[in-house]
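The values are calculated or read from the model by the stated rules, or taken from the named source; none is laboratory data. Everything numeric here is computed off the predicted structure, so don't read it as measured data. Please note: Cβ atoms are built from the backbone with ideal geometry, for glycine as well, and neighbour counts cover all protein chains shown.
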Amino acid sequence: MKTTADIRRDFLEFFRSKGHTVVPSSPLVPGNDKTLLFTNAGMVQFKDVFLGAEKRSYTRAVSSQRCVRAGGKHNDLDQVGYTARHHTFFEMLGNFSFGDYFKQDAIAYAWELLTEVWKLPKERLLVTIYHTDDEAFEIWNKQIGLPPERIIRIGDNKGKPYASDNFWQMADTGPCGPCTEIFYDHGDHIAGGPPGSPDEDGDRYIEIWNNVFMQFDRQPDGSLLPLPAPCVDTGMGLERIAAVLQHVHSNYEIDLFQHLIKAAAAITNTADLEHKSLRVIADHTRACSFLIVDGVLPSNDGRGYVLRRIIRRAIRHFWKLGALSAEGNFWRMAQPLIEAMGEAYPELVEKRTLIERALKAEEAAFAQTLDAGMARLEGYLTQSAGTIDGEQLFQLHDTYGCPPDLILDILREKGLPDVSAEVTAEYERLMEEQRERARKAGKFGGGVAMPAELIAQLTPTDFLGYDRLDADDLEVVA
Ligand code: ATP
Ligand code: MG
Ligand code: MG
Ligand code: MG
């Protein structure tokens, strides 16, 4: 069986053999872009190359990029634990052309790797194209030989976050263009329809690879300017292709995740390896550890607040498994993570102590209030027949350190209705009042201060988009 590490290597080697320069993953905190919370795709480090503002010594590149999608335009935090295919942290394999090859070669390379190198059965593959892209249709149909019924035309699906969308963009502004996506049919024993169908959100047809034909630069007013030259930007989820090549359905069944899940099961003394909480812990271990490696520490705003919320969600799952302890447990996941990914990412090994100490500090603080917070939540839910109001959301956050997205995830687990926009707005209003009080008092309340020596070990990050982040937080709780 090919391991996840083999698959990563295969990909880089395949494109190296096609004249691509192997470029290392950039950090999760984008160095070149203040509009972006986290690196959410392989193209982020090449953004200025697409825009023509930066020149490199090569016109073809290949990478395996670490990505986090837990805020901003691409936010999958609420999908984790509910689908077979979404993580907060994942690796995106990608090949790039900077004004070099375009549609024809991009599609031919993708097909060659999937069906000749990896020998995937062709009849399991289907593709989507941008609805007006007749050129892509011709290439798939005439050159590759895909029958028309397996080439699905799709437009841009604004407003439906998990519907197929064949116009890709990194963020609200920046490089973008039409795309063609390759899907793998995991078989009719799994629920879900093909892309574009009403039940496409199922896990039967899983999107494995997106090939974007970068042609435009989206302006703040929404208009599209052409790029200096047409480019190619592709992204394939390493964990998703590993699931296909390892003949399993869910990403959580691949070698890498099984290693983490078994470790979490041992730490929490859980017999059921399919337990959803183990999957969430495994996912969040990766996101939190890599964010810390890349210079983020838990805090009450900006990127640090996203990290804090992911850590607390993980800790809540330890609590759910009855494994919250004074010495902490989450930090113990750093070791198995290093075993699984330390070879590909030596920075994990180097920053091991930092990861462990940051997770430990956050868990120690949250463990003091979590139990009481959960009891209070139960009280609220009994009082008001399974609903919660803005004041209660605020109390759970302010007094017990339980952020609203964590509470809303619990409501969802219990099958209770989501809160309304009014509830979220009321929560936000109370938070703002509280921030105002804290500002007046000259301090920032409600959080755990990280020890100064931990902070000293960090590479500073200078993300300043608080306003945007607040909007993102609303998105999470909406
Ligand atoms: P989906 O529709 O499944 O949410 P996407 O269309 O948002 O995926 P793209 O932005 O096209 O994803 O990213 C390129 C590839 O990265 C996807 O085809 C998929 O293989 C992988 N990918 C995207 N999001 C995730 C995620 N949250 N976890 C794991 N892999 C992902
Ligand atoms: Mg998505
Ligand atoms: Mg998609
Ligand atoms: Mg996609």
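List of remarks:
- Selection status of ASP221, farther than 23 Å from ARG66 by Cβ, in contact (Cβ under 8 Å) with a residue 24 or more places away in the chain, away from ligand 2 (no atom under 16 Å from the Cβ) and among the charged types (D, E, K, R): no
- The range 294-308, residues that are in a helix (DSSP H, G or I), touching a residue at least 40 places away in the same chain (Cβ under 8 Å), buried (at least 23 other Cβ atoms within 10 Å of the Cβ) and touching a Leu at 6+ places or on another chain (Cβ under 8 Å): ARG303, VAL306
- You will find that of ALA340, ALA326, ALA344, the residue that is at pLDDT below 95 and over 26 Å from MET374 (Cβ atoms) is ALA344 and no other.
- Looking across ASP172, ASP199, one residue alone is at pLDDT below 95, assigned to a loop (DSSP other than H, G, I, E, B) and within 16 Å of ligand 3 (Cβ to nearest atom). It is ASP199.
- Test for ILE139: is it surrounded by 16 or more Cβ atoms within 10 Å (Cβ to Cβ), away from ligand 4 (no atom under 16 Å from the Cβ) and not in a strand (DSSP E or B): yes
- Residue tally, condition more than 16 Å from ligand 4 (Cβ to nearest atom) and over 20 Å from LEU114 (Cβ atoms), over the range 203-215: 1
- Selection count where residues are modelled with pLDDT under 95 and not small (Gly, Ala, Ser), scope the range 251-302: 2
- Checked across the range 216-236, the condition of being under 22 Å from the mean Cα position of the chain (by Cα), surrounded by 22 or more Cβ atoms within 10 Å (Cβ to Cβ) and more than 12 Å from ligand 4 (Cβ to nearest atom) holds for at least one residue.
- Flag if ILE355 is in contact (Cβ under 8 Å) with a residue 24 or more places away in the chain and in contact with a Ser or Thr (Cβ under 8 Å, 6 or more places away or on another chain): yes
- Pairs are defined by a Cβ separation below 8 Å, a sequence spacing of at least 6 or placement on different chains, a first member in the range 416-432 that is within 19 Å of ASN300 (Cα to Cα) and surrounded by 15 or more Cβ atoms within 10 Å (Cβ to Cβ), and a second member that is at pLDDT below 95 and β-branched (Val, Ile, Thr); the pairs so defined are THR424/VAL477; TYR427/VAL477.
- Selection within the range 85-123 - part of a loop (DSSP other than H, G, I, E, B), within 16 Å of ligand 4 (Cβ to nearest atom) and either free of Cβ contacts under 8 Å to residues at least 40 places away in the same chain or touching an Asp or Glu at 6+ places or on another chain (Cβ under 6 Å) (or both): HIS86, HIS87
- Exactly one residue out of ILE208, ILE241, ILE261 is within 16 Å of ligand 3 (Cβ to nearest atom) and in a helix (DSSP H, G or I): that is ILE241.
- Which listed residue, of THR88, THR83, THR115, is surrounded by fewer than 16 Cβ atoms within 10 Å (Cβ to Cβ) and within 25 Å of ILE254 (Cβ to Cβ): THR115
- Inclusion of ASN95 among residues that are crowded, with 22+ Cβ neighbours inside 10 Å and in contact with a Cys (Cβ under 6 Å, 6 or more places away or on another chain) is not warranted.
- Look at (1) of a type outside the set (Asp, Glu); (2) within 16 Å of ligand 4 (Cβ to nearest atom); (3) buried (at least 17 other Cβ atoms within 10 Å of the Cβ); (4) under 26 Å from the mean Cα position of the chain (by Cα) and you find that GLY155 fails only one, number (3).
- Restricting the range 180-198 to residues that are over 17 Å from GLY155 (Cα atoms) and exposed (fewer than 12 other Cβ atoms within 10 Å of the Cβ) leaves a set whose member that is nearest to ligand 1 (Cβ to nearest atom) is ALA191.
- Answer residue from the range 1-27, given it is of a type in the set (Ser, Thr, Tyr) and in a helix (DSSP H, G or I) and is farthest from ILE208 (Cα to Cα) among those: SER17
- The range 76-125 - residue that is more than 9 Å from ligand 1 (Cβ to nearest atom) and among the polar types (S, T, N, Q) and, of those, farthest from LEU260 (Cα to Cα): GLN104
- Which listed residue is at pLDDT 95 or above and more than 15 Å from ligand 2 (Cβ to nearest atom), from PHE89, PHE96: PHE96
- Hits in the range 42-75 - residues which are part of a loop (DSSP other than H, G, I, E, B) and over 21 Å from PRO226 (Cβ atoms): SER57, TYR58, ARG69, GLY71, GLY72, LYS73, HIS74
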